[in-house]
1. Between a first residue in the stretch 88-107 that is more than 17 Å from residue 14 (Cα to Cα) and a second residue that is part of a loop (DSSP other than H, G, I, E, B) and aliphatic (A, V, I, L, M), which pairs have beta carbons less than 7 Å apart while being 6 or more apart in sequence or on different chains?
2. Could you run through the stretch 65-91 and say how many residues are at pLDDT 85 or above and among the small types (Gly, Ala, Ser)?
3. Any idea which of 25, 57 is hydroxyl-bearing (Ser, Thr, Tyr) and under 19 Å from residue 98 (Cβ atoms)?
4. Sort out for me the helices (runs of 4 or more DSSP H) sitting completely within the stretch 41-113 that have 1 or more residues that are open to solvent by less than 50 Å² (accessible area, probe 1.4 Å) and charged (D, E, K, R).
5. Say whether the condition of being in a helix (DSSP H, G or I), at negative phi, at pLDDT 80 or above and loosely packed, with under 13 Cβ neighbours inside 10 Å is met by at least one residue in the stretch 29-40.
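The values are calculated or read from the model by the stated rules, or taken from the named source; none is laboratory data. The structure displayed is predicted, hence computed values, not measured ones. Cβ: placed from backbone, ideal geometry, glycine included. Neighbour counts: every protein chain shown. Please note that ligands, DNA and RNA were not included when accessible areas were found on the heavy atoms of the full protein model with its side chains. Shrake-Rupley method; radii C 1.70, N 1.55, O 1.52, S 1.80 Å.
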Amino acid sequence: MSSVSLKQSNSLCRAIEALHKLRRYGRKGAPKPHKVVLLLAVVDLYEDGLIFDNRIYLNRELERRSRFYFRMVAGARDWCQIGPPFYHLRTSDFWFHKVYPNRTLSYQAMCTP
């Protein structure tokens, strides 16, 4: 029988709460899968040892794995795209963007007020 420490339990509870709080707007109240799919791809990369620090890059492998999960859950009208959820996860409590110094102005232009 396995056990979970109180610290791990609290971390898991915070993670589950953060997932529940994700804004996943969709048509007619049906939440869109894009952010959750992206997070599944991130977990997958972590499990395979391809993410080893607290940095997630928007690259081909992340896109490939996102597409894999997306095909499993997408609705007929869903369009597979990785850029918007990568960007819009910044509204969550756990996804923070670090902008390259030479890209600050273009990033600020993208940000919604």
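1. Going by the 7 Å Cβ cut-off, the qualifying pairs are 107/99.
2. 3
3. The unique qualifying residue is 57.
4. Once the helices (runs of 4 or more DSSP H) in the stretch 41-113 are filtered for at least 1 residues that are open to solvent by less than 50 Å² (accessible area, probe 1.4 Å) and charged (D, E, K, R), what remains is 60-73.
5. no
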